[in-house]
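Data first, discussion second: the structure below is written as structure tokens.
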Amino acid sequence: MAPKFGTSGLRGLVTELTEDLVKDYTRAFLAACPQGTALHVGQDLRPSSPQIAGWVMAAAEEAGMAAVDCGVVPTPALALSSMGAGCAAVMVTGSHIPADRNGLKFYVPAGEISKDDEGRILGALGAPAQGGQATRQAQDGSGAYVARYVGAFGAEALKGLRIGVYQHSSVARQIMVDVVAGLGGTPVPLAPSDTFIPVDTEALDPETRAMLSGWCGENALDAVISTDGDADRPMVADAAGQIVPGDVLGALTAQALGAKVVCTPVSSNTNVDLMEGFAITRTRIGSPFVIAAMEAALAEDKAAKVVGYEANGGFLLGFTAQGPAGALPPLMTRDCLLPIVAPLAAARAQGVALADLVAGLPPRFTAADRIAGIATEVSKAFLAEMTESADKRRAFFPEMGAEQAIDLTDGLRVTFDSGEVVHLRPSGNAPEFRCYAEADSAARAAELVALHLTRLGKELG
């Protein structure tokens with residue numbers, strides 16, 4: 001797959017992320033976007049990440065920009081430290097995709113790059129190096145990130161809870177342990193791996209789900225937590241090992257923080273629309289679109305208590321919230337820790353299990369999965385045909401009944417008269433086709449995803 005640049009930054013096969021390409025994108029970013037006084041650089045645990053991070057820092061230094069080597073660090077922790085210093089940042093990560101791929105995520109001093117920034121970077125590609133020399137320094141970007149949550153939620157927020165920490169190859173594997181302990185819980189580290197494991201928190205395989213359930217029983221756990229590779233997406237399972245979907249964590253976190261405005265993609269669970277006290281804005285899928293909606297809300301009312309989250313659980317805080325023990329300043333980039341900590345702390349404060357807290361939400365259930373190995377152009381052609389032809393949709397959805405509404409905000413999202421939803425969308429940065437579904441039971445939502453992924457496989461080969 002040739003490297004692609006989009007809402008998740010630059011991504012591609014490691015073999016195609018050459019030194020020249022990486023340096024070209026780094027130079028273009030520094031030339032086209034604000035950068036402050038230094039470029040902060042972090043990396044995940046992929047075997048290819050150290051070399052690519054070295055190329056990024058070398059390109060900055062060759063352009064006369066000081067480089068700050070933050071080492072292995074969660075993406076939101078890198079963003080927190082670089083934004084706090086008024087500096088730009090580049091995170092070397094492929095997120096949840098396999099280790100044969102990697103990528104770059106770009107941050108300006110104000111936060112994630114926008115769609116306009118993307119255009120400027122693409123326009124600056126190919127410019128020659130200007131020449132120059134700058135210094136490099138090392139910095140731990142994790143300490144302030146841990147302190148952020150321990151300070152806001154306090155030393156007893158998780159007191160009495162045994163929390164399993166599925167460490168795998170997450171950059172946050174030790175940070176999660178430190179935060180649970182700092183909040184008074186008992187962390188139980190589980191399954192660290194020296195081999196990179198591409199955990200997709202939106203589409204956990206049956207083997208992983210069974211493993212989580214087994215750990216809960218074997219270790220008497222109240223929950224299991226984890227993240228994807230670069231720790232901007234959470235994973236939370238309750239005491240029975242049942243996954244709490246990311247958009248459910250998002251709704252619970254918004255509720256716990258006292259948010260009033262919620263910006264979330266069209267694919268997120270509609271339970272939040274049924275909850276009291278929220279004004280909802282739906283966006284295309286991708287954090288830049290969520291951030292743009294949050295910024296629009298703040299432009300209209302600078303005191304707006306606005307948050308954003310995605311179906312994958314990445315949570316964005318747009319106002320200074322009050323935790324049980326202190327203030328929680330804004331962090332408008334996808335974060336994994338807040339949607340892990342806030343629901344667990346809320347459940348403990350209410351004296352209920354996490355599963356009971358989830359059960360108190362409006363009964364709407366989502367499921368999602370993907371089929372890999374589908375070329376983007378094939379996916380787009382199929383989706384265009386489905387969008388344009390009611391007959392094609394009836395043939396693809398023969399058992400779903402009449403259509404109630406079609407939403408083309410991002411892909412094809414069909415709501416049927418039954419209230420069930422099926423949403424089809426090609427990935428923007430990998431050869432994958434995603435299917436989302438929503439129904440009145442978790443089993444039915446999962447059934448809809450499985451049914452339509454099978455059908456997609458037959459249609460697209």
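Other residues whose C-beta falls under 10 angstrom from the C-beta of Cys336 contribute a net charge of -2, scoring Lys and Arg +1 and Asp and Glu -1. Across the chain, C-alpha contacts under 8 Å between residues 6 or more apart give a mean separation that, scaled by the residue count, equals a relative contact order of 13 percent. Our note on the geometry: Cα centres of segment 22-53 and segment 156-224, 30 Å apart. Distance between the modelled labels on Ala2 and Arg209, one decimal in nanometres: 3.8 nm (7 Å Cα→Cβ projection).
State whether segment 365-460 is rounded, prolate or oblate according to the following rule on the C-alpha gyration tensor (a ≥ b ≥ c being the square roots of its eigenvalues): a/c under 1.5 gives rounded; otherwise a/b larger than b/c gives prolate, and the remaining case gives oblate. Display every interim value, and only then the final one.
Values: a/c = 1.70, a/b = 1.26, b/c = 1.35.
Oblate is the answer for segment 365-460, as a/c is 1.5 or above yet b/c matches or exceeds a/b.
Near Ala303: Cβ cut-off under 15 Å, other residues only, Lys/Arg at +1 and Asp/Glu at -1. The net charge is 0.
Using the beta-carbon distance between Ala58 and Ala402 and R0 = 51 Å, what value does 1/(1 + (r/R0)^6) give for FRET efficiency, to the nearest 0.05? Mind showing how you got there, number by number?
Working: r = 59 Å, r/R0 = 1.16.
Calculated value: 0.30.
Within the shell of other residues whose beta carbon sits under 15 angstrom from the beta carbon of Glu207, the net charge comes to -2, with Lys and Arg scored +1 and Asp and Glu -1. Look at the alpha carbon pairs under 8 Å that are at least 6 residues apart: their mean separation over the length of segment 4-140 gives a relative contact order of 36 percent.
Take the Cα of Ala138, step 7 Å toward its Cβ, do the same at Thr387, and the gap between the two points is 4.9 nm.
Between Asp20 and Asp194, the simple label model (points 7 Å from Cα in the Cβ direction) yields a spacing of 3.6 nm.
At a threshold of 8 angstrom on Cα-Cα distance, excluding pairs fewer than six apart, so keeping six or more, what relative contact order does segment 365-460 reach in percent? Kindly include the intermediate steps, with their values, before the conclusion.
On the way: 156 pairs, mean separation 36.0, N = 96.
Relative contact order comes out at 38 percent.
Exposed loop sites here mean trypsin sites (Lys or Arg not before Pro) with a DSSP loop assignment and at most 13 other beta-carbon atoms within 10 Å; the chain contains its longest site-free run at 303-461.
Please identify the helices of the chain, taking whole runs of DSSP H, that span at least 15 Å along their own axis as judged from the Cα atoms and have a mean Kyte-Doolittle score of 0.5 or higher. It would help to have the intermediate numbers written out before the result.
Working: long enough: 19-32 (19 Å, -0.06); 49-62 (19 Å, 0.26); 143-153 (16 Å, 0.79); 206-219 (20 Å, -0.70); 246-257 (16 Å, 1.04); 287-300 (20 Å, 1.20); 338-350 (18 Å, 1.08); 376-388 (18 Å, -0.02); 442-460 (27 Å, 0.42).
Helices passing the filter in the chain: 143-153, 246-257, 287-300, 338-350.
Candidate cross-link partners of Lys392 among the lysines, defined by an alpha-carbon separation under 17 Å and a same-chain spacing of 8 or more, comprise Lys380, Lys458.
Percent of alpha carbon pairs in segment 285-405 separated by more than 23 Å? For segment 285-405, the fraction of Cα-Cα distances above 23 Å is 56 percent. Using the Kirkwood formula on the Cα atoms of segment 106-183, what hydrodynamic radius do you get, in angstrom to one decimal? Over segment 106-183, the inverse of the mean reciprocal pair distance is 16.7 Å.
Can I get the semi-axes of the chain's equivalent ellipsoid? Compute them from the C-alpha gyration tensor as square roots of 5 times the eigenvalues, in angstrom, largest first. All intermediate terms of the calculation are to be shown ahead of the outcome.
Values: eigenvalues 209, 161, 89 Å².
Taking √(5λ) for each eigenvalue gives 32, 28, 21 Å, largest first.
The numbers here are math on the coordinates, done by the rules we state, and not lab data. None of these values were measured; they are calculated from a predicted model. No Cβ is skipped: glycine too gets one built from the backbone with ideal geometry, and neighbour counts run over all protein chains shown.
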